[in-house]
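Input: a single structure, listed below in structure tokens.
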Amino acid sequence: MDSFIVISLIKIFVVFGALMTILAYLQWVERKVIAHIQVRPGPYRVGPHGLLQPLADVIKLITKEGLLPPYVNKPLYLAAPFIAVTMALLSISVIPFGPAIRVAGYWTWMQLANLNIGVLFVLAVSSMGVYGIALAGWSSNNKYALIGGLRSSAQMISYELPLGLAIAAPLLISNTLSLRRLVETQDGWLWNWNLFHGFQYVSFVVFLIASFAETNRIPFDLPEAENELVAGYHTEYSSMKFAAFFMAEYANMVTVSCMATLLFLGGWVAPWPEKFGSGFVPVAVFAAAGLIALFHGWNAARRKDALTFPVVGVVFLAVAAVFLVPFLQNILLPLFWFCAKVGSLLFVFIWIRGTLPRFRYDQLMAFAWKVLFPVAVLNLLVTALVIAVIS
Amino acid sequence: MDLILFLAFALIAVVAAINVVVQRHPISSAISLVGVMGSLAVLYLLLGAEFIAAAQVIVYAGAIMVLFVFVIMLLNAGGEARAGRSFVASLLGVPALVALLALLAFFTARLFPSDAEVHFGGFKGGTPEAIGRALFTTYLLPFEITSILVLIAIVGAVVLARKELE
Amino acid sequence: MMGHIPLSWFLMLSAVLFTLGVAGFIFRRNIITMFMSIELILNGVNLSFITFAYQRHQVAGQLMVFFVMVVAAAEAAVGLAIILTVFKNRGTLNIDDLNSMKD
Amino acid sequence: MQLWLIPILPLAGFLINGLFGRRFSKAAVNAFAIGSVVLSFLWVVKTLAGLGSLPYTYTEHYFTWIQSGSLTVNFDFSVDRLTAVMLLVVTGVGSLIHIYSIGYMAHEGGYYRFFAFLNLFMFFMLTLVLAANYLVMFIGWEGVGLCSYLLISFYFDKKFATDAGNKAFIVTRIGDFGFSLGMFLIFRQFGSLSFTRVFAQVPGADVGMLTLIGILLMVGACGKSAQIPLYVWLPDAMAGPTPVSALIHAATMVTAGVYMTARSWVIYTHAPIAMDVIAYIGIATAFVAATIGLAQNDIKKVFAYSTISQLGYMFVGVGCGAFSAGIYHLMTHAFFKALLFLGSGAVIHSLAGEQDMRFMGGLRTKIPWTFWVMLCASLAISGFPLTAGYFSKDAILLAASQRAPWIYWVGTFTAGLTAFYVFRAFFMTFFGEYRGKEHHPHESPPVMIAPLVVLAALSLIGGYLFKVPDFLRGVFPAAEVPESGSLMAIASSAGLIGIALAYVMYVLKPGIPDSIAASARGLYTLVYNKYFVDEIYDAVIVQPVVEGSRVALWKGADAGLIDGIVNGIGARCKGIGGLLRLPQSGNARSYATWVAFGGVLVICGVLAVFLLLPTGGVR
């Protein structure tokens, strides 16, 4: 019992620390990717290739003055970012990153808490996330913020339905609500994944679109549409409170990417069994990355690169070497595949942001109710019918 | 452990419920009500109703209350004005409430002696599978009827909230 | 039996929530708050249902709660639509001002 | 054999004329109405020809009409020899009367309505006749009653017509009530209403129950066939158009009671008391109606009472076990009575609506065709040897002599009376001087005369043509009718004496009747006023009911009690409402408080119950 608590505490710290870092660097990645899409370098000043930019941002946000505007509803104004970030981080707790592993003689899962209704938990928590935004918009006593909050609540209620329906279809195929079992049913080959196994392309797409709306990302970022609403619901927020909203948004992105991975892409499962050599993919990837970095360091385009690229290359090679250590492989391989899948989805999020314009509000609603919802219902019906016929 | 959980969340529930009643602004009441529902969800988990707990959060806290908050924000009505209390309400209401609570408490204490106890895991019948099985076999007719009810509610809400056509 | 909770405590809590809901319904003037008080009452009753389901080891009580939720959702949709319409026509949410049925 | 076509054709005629007849020309109405009935007649002929000698009952099942518990009622039609006779009479005479109506109704309003109702009547009558169980028969039974009501009240703008319709409907309703009760008893006793099933079970059944059933059915027959004590509606029914009187109130509908009784012969042969009752009622009706007929001046009333009297004969025949004789007389009576009515209709038609015989006379030369056909009919009804009535009436009287001699003697005397009053009417109409107003009587159009001639022929030779007793020998048990020449001679001579007497009194010495009437003033007044039966009914039944309704039910129960209660409730409600208005503050929260308060009370009540219980709680 005690060891359970200790292990849980350790896991919480590890996951929380990693998540915070990832969230901070996700910001950097996003800026970089969009910058490259727009053919510009992006953050470049702080650290090599702006690698220390997140750190600088964090310091800036912490040290900034926390401005409390007059005429706000103080308790709610203060509670709103807290609610938002709490709900965003809460759902991470049930997401499994990998299978059970043995660390220092203890078997444990790479998951903070296992619920046999994990999917429902994630849905529940994400549905609570809207309060943070709505309350922020309302308590700011600012009409832009209020409109942002209204939009957000309407949008999230509307898109929760197709989201839930899209989730239901893979759940039907896997016949469980436990996130662990969900992954276990997709073990083996690529075509065992729910996406391919159950022909869930439609619900995957619906899920992705709805999760864009749920996370208020472009093209559904109506609640914070800069050119209409200044900054939407967080117009009146500054410093850490503003950072909290930011963090919540990125945490939500991570959550939905994790969910998509677990539901459709087989979670931490490799695309093909290890005996066919999937275990060497990370080594190859990191080694190749390291070699490329070394090559670029050799033919440095800029003066600084001659120093930084070889360092990065050596780090990559070291990571590749780590993946060769047999007893670490059990831990790292699932993690690698999980991160790879989640990372790809996050890249899609950023990619879309750099590509698509924003919807108009009525289009957004019409799209949810007249396109996405019927499609999701139809997909669920067909899936259920097929399952009923087959079994 | 169970006792601590119960006491903590019962306390939250009671305090939040009192807050629902005494808060002057509806949105504060609404947030407090969400608090009540959240803590009740935890208690439901304690009682082995895991699906209902999730549904409580998703449906009640996540959908119904969001709707309330949405409407409150949309109308942006201010706090309640302090007006003279209804004569009947204060004359009958307070004693009636006190009597109601006392009676309910008495009832409960009398009908359920303290030897009946609750501990987490004492009842495992509330899984989604069990609920679904009951819902689609024994309770299929009520289920279908509620679906019709919901359809009617959708139509009704649309008709009521629709803009008058010129 | 350390850590076990008397069943009646749940029912007491349910009674308290119910009574608070009734109190809110009686003493508040804002229709929306009154409406939320009804939800509070329903939640109090739901807790009783779940408790009885635990006591009887029957899933029926939980199903009742499920149905209550569905009905509450329908009720909220229609009720809020009515409130919107009332506000649109009367410009007030104060129940004491909505007394045109009196005369 | 598509029996259903027989009633459906008139129904189609009814629907077409009833729905669209208003826009049709008279020719179109004629085409549909008469065409449907004639087609129906032809279909009957074809069907019967196809069925041959009908050694057994031919049944057609259409659908299960009622299925409720042990009660199963099929919608079945069946044909046996009895039905065949009835079908031919109904459709044959019906067709002739339809044709006659073209001429008679030519100048009347509501032309299409008349024919629609007539067709509807044909539909119901044929349903009645074809029915294979009591309930389907009851449809027809009630339907013809309805049509009778509709057609008696045809001149609905005349009060006496609507009154007569109401009277007919209400009085026959009493009989129908008896029929219904009989039907219920049949179902209770035999578990079925189908003729074949019921009759198969009759031989073993309780005689008392059978007697009760028989008498109840007879009550129905009395209502429909205008027997004592329910005969009073028939004379008034003459308020309808004359073809209606001929078709419904002489030839077909009123014989439904006789038909139903004959149809139920199995029950009656096992219930001799019921049969006796029928015979007694029949002979009493025959005699009473004949005496009333002696003093009537309205030509249609004379024939109406004559009809009642002849129906009494049929009842005597049925009641004496001579079912085939009863049906035989039913058929011949249909011929000559329809002819009498139609002939009187022709007379009335030629006199522009005059019905009182005191204003007729000497029409022999003016409307010769009518004169001759009426002569045939009068001879037939008087039982003049070798006419149709001679055979059938003698068959009944012979059967009666077998049963009880006094019935024979009363019947024979009545036959004499019949001959007398019929020829009284005949002589008053056609002989002597014309006593009417300035008017030129004219012969009826050929379309009216032609059916009369057919019927006259049938009245004369129908007895030979259709030897009904022989035809029905297989259907009914053979009645042992002795070939007694002396009895037949007595019966025939009674008729001849009656004719002679009438000739003496109304042609040779027209003063005699008045002097007789003067010398026997009391008796004459009694007979002239139909024994004051209507007045007695009025005083004994109608007035008490009306007055009782007025005083006890209306003034007392309705106005006093019920209105008092209602008004009192209203007043109390108002008072209590005034009190209840006080808490109705229009304040939703106070309502909520009341609800909460009520909830507390309910819990208190439940708590009290629990505290009183010894166990003190739910386990």
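List the residue pairs whose Cβ atoms are under 6 Å apart, where the first residue sits in the range A:149-176 and is within 8 Å of chain B (Cβ to nearest Cβ), the second is assigned to a helix (DSSP H, G or I) and among the aromatic types (Phe, Trp, Tyr), and the two are 6 or more positions apart or on different chains.
A:GLY149/A:TRP138; A:GLY149/A:TYR233; A:SER153/B:PHE70
Looking at A:SER152 and the list (1) part of a helix (DSSP H, G or I); (2) surrounded by fewer than 24 Cβ atoms within 10 Å (Cβ to Cβ); (3) not basic (Lys, Arg), which single condition is not satisfied?
Single failed check for A:SER152: (2).
Given (1) under 25 Å from the mean Cα position of the chain (by Cα); (2) closer than 18 Å to D:TYR464 by Cβ, identify the lone condition not met by D:LEU386.
(1)
Would you tally the residues in the range C:13-29 being crowded, with 24+ Cβ neighbours inside 10 Å and under 14 Å from B:PRO26 (Cβ atoms)?
Summing the residues that are crowded, with 24+ Cβ neighbours inside 10 Å and under 14 Å from B:PRO26 (Cβ atoms) in the range C:13-29 gives 3.
Within the range B:128-144, can you find the residues that are at the interface with chain C (Cβ under 9 Å from one of its Cβ atoms) and either among the aliphatic types (A, V, I, L, M) or not in a helix (DSSP H, G or I) (or both)?
Once the filter is applied, which keeps residues that are at the interface with chain C (Cβ under 9 Å from one of its Cβ atoms) and either among the aliphatic types (A, V, I, L, M) or not in a helix (DSSP H, G or I) (or both), the range B:128-144 yields B:ALA130, B:ILE131, B:ALA134, B:LEU135, B:THR138, B:TYR139.
Within the range C:47-60, track down each residue that is more than 7 Å from every other protein chain (Cβ to nearest Cβ) and touching a Leu at 6+ places or on another chain (Cβ under 8 Å).
The one that is more than 7 Å from every other protein chain (Cβ to nearest Cβ) and touching a Leu at 6+ places or on another chain (Cβ under 8 Å): C:SER48.
Considering only residues that are among the β-branched types (Val, Ile, Thr) and more than 8 Å from the chain's Cα centre (by Cα), look in the range A:248-275 and name the one that is modelled with the lowest pLDDT. Before you say what the answer is, go through the steps one by one.
Step one: list which residues in the range A:248-275 are among the β-branched types (Val, Ile, Thr), which gives A:254-256, A:261, A:269.
If we keep only those that are more than 8 Å from the chain's Cα centre (by Cα) as well, we get A:261, A:269.
On the way: A:THR261: 87, A:VAL269: 79.
Among residues in the range A:248-275 that are among the β-branched types (Val, Ile, Thr) and more than 8 Å from the chain's Cα centre (by Cα), the one modelled with the lowest pLDDT is A:VAL269.
Given the conditions (1) crowded, with 24+ Cβ neighbours inside 10 Å; (2) at pLDDT 85 or above; (3) farther than 18 Å from D:ILE327 by Cα, report the number of the one that D:MET360 does not fulfil.
The single condition D:MET360 does not satisfy is (2).
Being polar (S, T, N, Q), crowded, with 16+ Cβ neighbours inside 10 Å and touching a helix residue (DSSP H, G or I) at 6+ places or on another chain (Cβ under 6 Å) is true for just one of D:GLN201, D:GLN189. Which residue is that? Outline the logic, then answer.
On the way: D:GLN201 fails: crowded, with 16+ Cβ neighbours inside 10 Å.
Of D:GLN201, D:GLN189, the one residue that is polar (S, T, N, Q), crowded, with 16+ Cβ neighbours inside 10 Å and touching a helix residue (DSSP H, G or I) at 6+ places or on another chain (Cβ under 6 Å) is D:GLN189.
For the range C:33-46, which positions are facing chain B (nearest Cβ under 7 Å) and surrounded by fewer than 24 Cβ atoms within 10 Å (Cβ to Cβ)?
Within the range C:33-46, no residue meets the criteria.
Taking the condition of being surrounded by 18 or more Cβ atoms within 10 Å (Cβ to Cβ), outside any loop (DSSP other than H, G, I, E, B) and more than 8 Å from chain B (Cβ to nearest Cβ), how many residues in the range A:102-125 meet it?
Residues in the range A:102-125 being surrounded by 18 or more Cβ atoms within 10 Å (Cβ to Cβ), outside any loop (DSSP other than H, G, I, E, B) and more than 8 Å from chain B (Cβ to nearest Cβ): 4 in total.
Sort out which residues of the range D:165-195 are of a type in the set (A, V, I, L, M) and assigned to a helix (DSSP H, G or I), and write them in order of number. Quick ask: steps written out before the conclusion?
Initially, the range D:165-195 is screened for residues of a type in the set (A, V, I, L, M), giving D:168, D:170-171, D:174, D:181, D:183, D:185-186, D:193.
Of everything in the range D:165-195, those that are of a type in the set (A, V, I, L, M) and assigned to a helix (DSSP H, G or I) turn out to be D:ALA168, D:ILE170, D:VAL171, D:ILE174, D:LEU181, D:MET183, D:LEU185, D:ILE186.
Sort out for me the helices (runs of 4 or more DSSP H) sitting completely within the range B:1-68 that have 3 or more residues that are touching an Asp or Glu at 6+ places or on another chain (Cβ under 6 Å). Walk me through how you get there before you give the answer.
Details: elements: B:2-22, B:26-46, B:50-55.
Passing ranges: none, list empty.
Go over the candidates D:ALA539, D:ALA502 one by one and state the one that is loosely packed, with under 14 Cβ neighbours inside 10 Å and part of a helix (DSSP H, G or I).
Details: D:ALA502 fails: loosely packed, with under 14 Cβ neighbours inside 10 Å.
The conditions single out D:ALA539.
Can you list the helices (runs of 4 or more DSSP H) found entirely within the range D:266-373 that contain at least 1 residues being touching a His at 6+ places or on another chain (Cβ under 7 Å)?
Numbers: elements: D:272-294, D:299-319, D:323-350.
Result: D:299-319, D:323-350.
Here are some residues: D:LEU9, D:LEU54, D:LEU88. Which one is at pLDDT below 85 and buried (at least 17 other Cβ atoms within 10 Å of the Cβ)?
D:LEU54
Tell me, yes or no, whether the range D:393-408 has at least one residue that is closer than 10 Å to D:GLY495 by Cα, over 24 Å from the mean Cα position of the chain (by Cα) and surrounded by fewer than 24 Cβ atoms within 10 Å (Cβ to Cβ). Full working, then the answer.
At the first step, the residues of the range D:393-408 found to be closer than 10 Å to D:GLY495 by Cα are none.
Looking for residues that are closer than 10 Å to D:GLY495 by Cα, over 24 Å from the mean Cα position of the chain (by Cα) and surrounded by fewer than 24 Cβ atoms within 10 Å (Cβ to Cβ), one finds none in the range D:393-408, hence no.
I need the full set of residues from the range D:488-511 which are farther than 17 Å from D:VAL422 by Cα and modelled with pLDDT under 80, in order please.
Taking the range D:488-511 as the starting set, the residues that turn out to be farther than 17 Å from D:VAL422 by Cα are D:488-490, D:509, D:511.
Within the range D:488-511, D:MET488, D:LYS509, D:GLY511 meet the criteria.
Look at C:ALA15 and say whether it is in contact (Cβ under 8 Å) with a residue 40 or more places away in the chain and facing another protein chain (nearest Cβ under 7 Å). Please lay out each step first, then the result.
Numbers: in contact (Cβ under 8 Å) with a residue 40 or more places away in the chain: no; facing another protein chain (nearest Cβ under 7 Å): yes.
No.
Could you list, in sequence order, the residues of the range C:1-12 that are crowded, with 22+ Cβ neighbours inside 10 Å and more than 7 Å from chain B (Cβ to nearest Cβ)?
none
So, in the range B:119-166, exactly how many residues are of a type in the set (Lys, Arg) and within 18 Å of C:PHE49 (Cβ to Cβ)?
In the first step, residues of the range B:119-166 are kept if they are of a type in the set (Lys, Arg); the result is B:124, B:133, B:162-163.
The next check asks that each one be within 18 Å of C:PHE49 (Cβ to Cβ); those that pass are B:124.
Summing the residues that are of a type in the set (Lys, Arg) and within 18 Å of C:PHE49 (Cβ to Cβ) in the range B:119-166 gives 1.
Please state which one of D:ILE186, D:ILE213 is out of contact with any strand residue (DSSP E or B) (no Cβ under 8 Å at 6 or more places or on another chain), of a type in the set (Val, Ile, Thr) and over 24 Å from D:HIS61 (Cα atoms). Spell out how you get there, then give the answer.
Values: D:ILE186 fails: over 24 Å from D:HIS61 (Cα atoms).
Just a single option satisfies the conditions, and that option is D:ILE213.
Name the single residue that is nearest to B:VAL36 (Cα to Cα) among those in the range C:61-93 being surrounded by fewer than 20 Cβ atoms within 10 Å (Cβ to Cβ) and more than 7 Å from every other protein chain (Cβ to nearest Cβ).
C:VAL68
Which condition does D:VAL288 not pass, out of (1) buried (at least 24 other Cβ atoms within 10 Å of the Cβ); (2) at pLDDT 85 or above, if it passes all the others?
(1)
Which residues, counting only those in the range D:53-99, are free of Cβ contacts under 8 Å to residues at least 12 places away in the same chain and part of a loop (DSSP other than H, G, I, E, B)? If you could, list the steps in order and put the result at the bottom.
Here is the first cut: in the range D:53-99, the residues free of Cβ contacts under 8 Å to residues at least 12 places away in the same chain are D:53, D:64, D:67-69.
Answer for the range D:53-99, where residues must be free of Cβ contacts under 8 Å to residues at least 12 places away in the same chain and part of a loop (DSSP other than H, G, I, E, B): D:SER53, D:GLY69.
Just one of the numbered conditions (1) surrounded by fewer than 14 Cβ atoms within 10 Å (Cβ to Cβ); (2) of a type in the set (Gly, Ala, Ser); (3) farther than 30 Å from B:ALA30 by Cβ is not true of A:ALA35; which one?
(1)
Residue by residue, here is whether (1) of a type in the set (A, V, I, L, M); (2) more than 7 Å from every other protein chain (Cβ to nearest Cβ); (3) on the phi < 0 side of the Ramachandran plot holds:
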{"residue": "B:LEU5", "(1), (2), (3)": "yes, yes, yes"}
{"residue": "B:SER28", "(1), (2), (3)": "no, yes, yes"}
{"residue": "B:SER32", "(1), (2), (3)": "no, yes, yes"}
{"residue": "B:SER39", "(1), (2), (3)": "no, yes, yes"}
{"residue": "B:VAL42", "(1), (2), (3)": "yes, yes, yes"}
{"residue": "B:LEU46", "(1), (2), (3)": "yes, yes, yes"}
{"residue": "B:ILE52", "(1), (2), (3)": "yes, no, yes"}
{"residue": "B:VAL57", "(1), (2), (3)": "yes, no, yes"}
{"residue": "B:GLY62", "(1), (2), (3)": "no, no, yes"}
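Does any residue of the range A:254-267 turn out to be touching a residue at least 24 places away in the same chain (Cβ under 8 Å), closer than 30 Å to A:THR63 by Cβ and either in contact with a helix residue (DSSP H, G or I) (Cβ under 7 Å, 6 or more places away or on another chain) or not acidic (Asp, Glu) (or both)? Give the derivation first.
Step one: filter the range A:254-267 for residues touching a residue at least 24 places away in the same chain (Cβ under 8 Å), giving A:254-267.
Adding the requirement that they be closer than 30 Å to A:THR63 by Cβ leaves A:254-255.
Filter once more, so that each one left must be either in contact with a helix residue (DSSP H, G or I) (Cβ under 7 Å, 6 or more places away or on another chain) or not acidic (Asp, Glu) (or both): A:254-255.
Yes - at least one qualifying residue is present in the range A:254-267.
The values are calculated or read from the model by the stated rules, or taken from the named source; none is laboratory data. In this text the structure is predicted, and so the values were computed from the model without any measurement. Cβ coordinates were reconstructed from backbone atoms using ideal geometry, including for glycine residues, and neighbour counts include every protein chain displayed.
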